[in-house]
Amino acid sequence: MNSPPSTEDKARPWWATGVIYQVYPRSFQDSSGDGVGDLDGIRERLDYIQTLGVDAIWLSPIFPSPMADFGYDVTEFCDIDPMFGDLAAFDQLLREAHARRLRLLLDLVPNHSSIEHPWFKESRASRDSARRDWYFWRDPAPCGGPPNNWMSDMGGSAWEYDAATGQYYLHSFLKEQADLNWRNEEVRAAMTDVLRFWFDRGIDGFRIDVLWHCIKAADLPDNPPNPAFSSDQGEKFMVLQQHSTNQPEIHEIAHAFRTLADSYGERLLVGEICLPLDQLMTYYGQPDTPGVHLPFNFQLLDAPWDARVIAQLVQNYEAALPDGAWPNWVLGSHDAPRIAGRLGEAQARVAAMLLLTLRGTPTLYQGDELGIGRVAIPTDRIRDPQDLRQPGLGLGRDGARTPMAWNNQINAGFSDTEPWLPLHDDWPSRNVRAQAADPHSMLNLYRQLLALRRVHPALAAGHLRILPSGEEVLQYERRIGDDWLMVALNFGARARDVRCEQDMRSYRLLLSTVERRTFDGKLRPNEGVLLARRAR
Ligand code: NOJ
């Protein structure tokens, strides 16, 4: 981490210096008037994404789906759900994105398919079906009940009984999402064809859903009980997922994906992996058998918002990276509570500066650039199956999936019809048009940070050094060659000093998260500053 930047920094691939913007298609822009976003809607908003200053769009699933898990239950991996458009609309979106130098990533869902997928229907039809082994079918346990004690991530047993053939099938998520058997060579070949299909169409990469789930211990042994389980947690925590996830063979699969992606040139694979740091790092693979380019780093999503904790977390992460591995950071997603809801607007601004000034590829979630906060979803409008299945545990994800607000017109310019989820309460003022007109808005803070990343190679590719700092302050520098920057973030609501290694006059204020024009060596309450430092 502290070694000087090497010349190799000049030759980074696009995704290392770029920023990924996650679009949740259901909630970005509705063009068809059904209250649900679609591909033409996203295309109409490409100018917005381009002027925001990001480099790549990751689309959550857009494939045909009964929408039991809002697209993560796929019935055809090589097509578009009519709700979102069709392949022609997709091709047009891709063309127009590329014309604006925006890359496009799709969401690959290899662990499971919908039970409405023709593969599963055939598998389910009889014990002798040619596709029986594409999924996990097992007899009931000797004294009845599910074959083992695995729990679904959505609550309840991970097994569903199918009376027609007298066996259970495995579903790590909803019973509508049956797990595919990655020990079956035909499954691997079929999914490889899916990757090829989209790469051939010209996409720039995939985010890979629940990669660490994709292969299970061969004989499906019981998982160990979790001694720390408490009833205020989701039922998935009743057992430790020792045999149902993160098996050694997953790395062969990741490597096969990688080999295929690399054969298309500079394509990106981002893996969704929720594991402790040491395990997460293994998903980068080995030098001769690389894995995904970026195993998602979700640590900021639930770390306590404390300057010391975050400093340590950054240091530990940097220290754990294997040689040549590129870091990445995530601050929000369609699965996690909104950052501004968690921290409040002032600290969400500090968090924006953190996300966009740390070393590595940031992923920014739609709507966080407006500072959308906590959205209370009325009970009769809850749609998230995870919330509906285990009510009262605070597991609902709808609050992070509410529509984008574009203006203060009907339905915030998202749709002519009532949207599938409610808007945030303050949408009449917290929307793109209003914030674009306010130089100090969250949107303009994001735009300025993203613009600074483009002009400062230190931010895009420089090395990072955590600096000594006072209470409630996180300070670090980013440097490449003569481009030498310092970031100081005040995590608290009291004014604090910045520790300067040089005379204060050798620092120039590039950006503050609050309104100010000059740097006086102090941080205001809840302020983050980005400073340019004169090289000695
Ligand atoms: C992770 C996705 O992000 C989440 O939304 C989904 O419910 C699960 N994977 C299952 O596919």
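The values are calculated or read from the model by the stated rules, or taken from the named source; none is laboratory data. Here the structure is a predicted model, which means the values were calculated and not measured. FYI the Cβ positions are ideal-geometry reconstructions off the backbone, even for glycines, and counts take in every protein chain you see. Areas reflect the complete protein model, heavy atoms only, side chains present, ligands, DNA and RNA absent. Shrake-Rupley method; radii C 1.70, N 1.55, O 1.52, S 1.80 Å.
Estimated from helical segments only, the mean residue ellipticity of the chain at 222 nm is -7000 deg cm²/dmol, where each DSSP H run of four or more residues counts as -39500 (n - 2.57). Take the Cβ-Cβ distance between Ala217 and Ser129 as r, set R0 to 35 Å, and report the resulting FRET efficiency rounded to the nearest 0.05. The value I calculate is 0.90. DSSP finds beta bridges in the chain, and of those with both partners inside it, around 65 percent are antiparallel.
Got a number for carbon plus sulfur as a percent of the chain's accessible area, 1.4 Å probe?
Working: 10310 of 20780 Å².
The nonpolar share, carbon plus sulfur, comes to 50 percent.
Just how many % of Cα pairs in the chain lie over 37 Å apart, if you round to the nearest whole percent? Tail fraction, whole percent: 31. Computed over the range 290-357, the quotient of the alpha carbon radius of gyration and 2.2 N^0.38 Å is 1.17.
Principal-axis analysis of the Cα atoms of the chain puts helix 250-263 at an angle of about 70° to the longest axis.
Computed with a 1.4 Å probe over protein heavy atoms only, the accessible surface of the range 116-179 comes to 42 Å² per residue.
Here the label points at Asp503 and Leu46, each 7 Å from Cα along the C-beta direction, are separated by 5.2 nm in the simple model. With the cut-off at 1.5 for a/c, could you classify the range 96-160 from its C-alpha gyration tensor as rounded, prolate or oblate? Because a/c hits 1.5 or more and a/b fails to exceed b/c, the range 96-160 counts as oblate. Each of Leu445, Leu395, Asn316 was placed along the dipole of the chain (beta-carbon charges, centred on the mean Cα), and the one lying farthest toward the positive end is Leu445.
With N set to the number of residues, divide the alpha-carbon radius of gyration of the range 2-108 by 2.2 N^0.38 Å and report two decimals. Numbers along the way, then the final one.
Values: Rg = 16.0 Å, N = 107, 2.2 N^0.38 = 13.0 Å.
Rg over 2.2 N^0.38 Å, computed on Cα atoms: 1.23.
Look at the alpha carbon pairs under 8 Å that are at least 6 residues apart: their mean separation over the length of the chain gives a relative contact order of 13 percent.
Can you give the accessible area per residue of the range 460-533, in Å², using a 1.4 Å probe?
On the way: 3150 Å² over 74 residues.
On a per-residue basis, 43 Å².
Of all segments of the chain bounded by GluC sites (Glu not before Pro) found in a DSSP loop with no more than 15 other C-beta atoms within 10 Å, the longest spans 1-248.
The amide H of Gln366, built 1.01 Å from its N in the peptide plane, has Gln22, Tyr24 as neighbours under 5 Å, considering only residues 5 or more places off or on other chains. Please work out the Cα center distance from the range 299-334 to the range 69-111, rounded to the nearest Å. Taking the Cα centre of each part, the range 299-334 and the range 69-111 sit 30 Å apart. In the P(r) worked out for the range 460-533, what percent of Cα pairs fall beyond 19 Å? That fraction is 27 percent. Relative contact order for the range 370-480: 19 percent, from Cα pairs under 8 Å spaced at least 6 residues apart, divided by residue count.
With the simple model of a label 7 Å out from the Cα in the direction of the Cβ, Ala141 to Ser230 spans 2.7 nm.
Starting from the Kirkwood Rh over alpha-carbon pairs, what translational D in µm² s⁻¹ does the range 324-453 have by Stokes-Einstein at 4 °C and 1.567 mPa s?
Values: Rh = 15.6 Å.
Result for D is 83 µm²/s.
Say the dipole of the range 460-533 comes from +1 at the beta carbon of Lys and Arg and -1 at that of Asp and Glu; which of Leu464, Pro525, Val514 then lies farthest toward its positive end? Farthest along the dipole direction, towards plus: Val514.
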